[in-house]
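Here is the structure we will look at, set down as structure tokens.
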Amino acid sequence: MAAAESVLKIPNIRWFIVFRVFFNARFYYPVFTVLFLDIGLTLKDFFLLNAIWAASIVLLEVPSGAFADTFGRRNLVRLAGVCMVVELAIIAFVPMGEPWLLLLAFGVNRLISGAAEAFASGADEALAYDSLKALGREKEWPNALDLLMRLQSLGFLGCMLLGAAVYDHEFVNAGLQLIGIDAGLTKPITLRFPLYLTLATSLVTLFAAWRLTEPPVDTHEDEAPTNARAAFALVGQTGKWILTTQIVLVLIVASVCFDSLVRIGLTINSEYYRMIGLPEAALGVMGAIGGLLGLFIPMLARKLVEQKSARVNFCLLAGLILLSQGGQALLIPYWGVIPAMGIGVSMFMLNFFMSHYLNAAVTDSHRRATVLSFRSLANNIAYGLAGLIFFGLTSGLAPESAETELTNGKIAVTSDAVFAQLLQAIPFIFLGLMAFLGSFTYRRVQMCSETPSNTE
């Protein structure tokens, strides 16, 4: 605790932690899918918008690193804070009732939100680390990270519980009645409450970003004018290195195959929970339980990487994901939360495995961050493509292949029926990806003249 208090005395570390905690404090996360649907968008719109968000990150992630080196990390962090305020203000106050206006507003929101993620990614962490390095205290970076992660976990739990609670108008009205207030709030009013809360946290985020100062960075004077050019050159060199380093290429392809569908599963969890009968106020509880799992799953993952090979661990992970997806496809009332938790556990384990094996495979430290950025870039491209695929699937569903309801004298496919069909398709898509990954890995391993023992 004393070590944590010590790093908190450094202003940049203190404001970096505040920035990170509030930047990720998104009260709408536990109701992410249902918020989009209840506000007037369709499931097809939802997948399209998430593809736009991923595309925004993909286009800006690598250039933003060069911008940070050229124009200063603090300026990129500040820009991320401004973007967060703007993205939340747009959807918090957009008028309801006009589908085209809602789609336009949420489309702009997704573009700006992706830009905020790209601008903050790496720039804030580099600024904080260099602040310690300038003081000769870079060895204290683990203390800062430890404190940051604990505070982020607390913030996540709070957002999950409060965000879902204020979304449920019946829960809010009941709570107000306990203190003698008969507000009579309706669902169209309370569904924006998580957005208002996140808009408030975005102002704290922006304030923290503005309190950061640019630390001195060790740079040779003759290299300063070519920082951006050198950064882009390193990106190209690292890309070629990945393509010729078989184990790294296999790991990145594996990351893409696992991450895309696991992330889709997490993204649509709120609608899934509603379909298995959970009340909206319980969505935050489920999110909080998922956050608590993050305190224990890493210990299991650490034992697995110590005792098992990468091949065994990824096969176990694939089995867990497939069982969880199959369980979700059954839409079992209430008990369906168990396979949903399996998807959450899978993401924790996937991130741990990838961090361990990929860092072990990258022997050249000077390209480590760039390799990790390529993995992030590949994951976001795959996530965006998965969103487009599901967008296409929702468009292609025929009334005779799903349950229907009578609307305005016409037969129409219900959203629940479409969603159920998507859940049934996901395990088969995952099996196809695993077959491709197995074939790809086999061919690439044959090309490896030597494989490190800890990644075999």
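Give me the distance in nm between label points sitting 7 Å out from Cα along the Cα-to-Cβ direction at residue 173 and residue 154, one decimal.
Here the answer is 3.5 nm between the modelled labels.
Output ³J(HN,Hα) for the range 126-133: one whole-Hz value per residue in order, computed from phi by the Karplus curve 6.51 cos²θ - 1.76 cosθ + 1.60 with θ = phi - 60°, and x for Gly and Pro.
The phi angles translate into 5, 4, 5, 5, 5, 5, 5, 4 Hz.
Using 0.36 nm per residue of separation minus the Cα-Cα distance, give me the extension gain between residue 292 and residue 6 in nm, one decimal.
Stretched out fully, the residue 292 to residue 6 stretch lengthens by 100.3 nm.
Compute the relative contact order of the range 49-202 as a whole-number percentage, counting only Cα pairs closer than 8 Å that sit 6 or more residues apart in sequence.
27 percent
What FRET efficiency comes out for the pair residue 210/residue 244, r = Cβ-Cβ distance, R0 = 41 Å, nearest 0.05?
0.40
Under 5 Å between amide H atoms, partner at least 5 residues away or on a different chain: which partners does residue 96 have, H built in plane at 1.01 Å?
HN-HN under 5 Å from residue 96: empty list.
Tell me, how many Å apart are the Cα centres for the range 292-333 and for the range 27-47?
27 Å
Output ³J(HN,Hα) for the range 431-443: one whole-Hz value per residue in order, computed from phi by the Karplus curve 6.51 cos²θ - 1.76 cosθ + 1.60 with θ = phi - 60°, and x for Gly and Pro.
Whole-Hz 3J(HN,Hα) from phi for the range 431-443: 4, x, 5, 5, 5, 4, 4, x, 5, 4, 5, 4, 5.
Using 0.36 nm per residue of separation minus the Cα-Cα distance, give me the extension gain between residue 101 and residue 196 in nm, one decimal.
32.3 nm
Any lysines with Cα under 23 Å of the residue 9 Cα? List them, leaving off those in the same chain fewer than 8 positions away.
Within reach: 133, 139.
Where does the charge balance sit around residue 208 when Lys and Arg score +1, Asp and Glu -1, over other residues with C-beta under 13 Å from its C-beta?
Combined, the nearby Lys, Arg, Asp and Glu give +4.
Fully extended, how many nm does the chain gain between residue 431 and residue 323 (0.36 nm per residue separation, minus their Cα-Cα distance)?
Full extension from residue 431 to residue 323 adds 37.8 nm.
Using 1/(1 + (r/R0)^6) with R0 = 25 angstrom and r between the beta carbons of residue 424 and residue 385, what's the FRET efficiency to the nearest 0.05?
For residue 424 and residue 385, the calculated efficiency is 0.80.
Straight-line reach only, C-alpha to C-alpha below 29 angstrom: list the lysines that residue 44 could link to, leaving out same-chain residues fewer than 8 apart.
187, 410
Among 171, 99, 116, which residue has its Cα furthest toward the positive end of the charge dipole of the range 54-211, with +1 on Lys/Arg Cβ and -1 on Asp/Glu Cβ?
116
Shape call for the range 82-190 from the C-alpha gyration tensor, a ≥ b ≥ c root eigenvalues: rounded (a/c under 1.5), prolate (a/b greater than b/c) or oblate?
The shape class here is oblate.
Suppose R0 equals 51 Å; then what is the FRET efficiency for residue 311 and residue 181 from their Cβ-Cβ distance, rounded to the nearest 0.05?
Once rounded, the FRET efficiency stands at 0.30.
Residue 309's amide H: which non-local residues (gap 5+, or another chain) put their own amide H closer than 5 Å, with H modeled 1.01 Å from N in plane and none for Pro or chain starts?
When sequence neighbours closer than 5 places are left aside, there are no close amide H contacts.
Measuring with a 1.4 Å probe in the full set of protein chains, what accessible area per residue, in whole Å², belongs to the range 119-214?
51 Å²
Roughly to the nearest percent, how much of the accessible area of the range 87-140 is carbon and sulfur, given a 1.4 Å probe?
Here it works out to 65 percent.
The values are calculated or read from the model by the stated rules, or taken from the named source; none is laboratory data. Here the structure is a predicted model, which means the values were calculated and not measured. Methodologically, a virtual Cβ is constructed for each residue, glycine included, from the backbone with ideal geometry; neighbour enumeration extends over all protein chains shown. All accessible areas refer to the heavy atoms of the entire protein, side chains included, with ligands and DNA or RNA removed. Shrake-Rupley method; radii C 1.70, N 1.55, O 1.52, S 1.80 Å.
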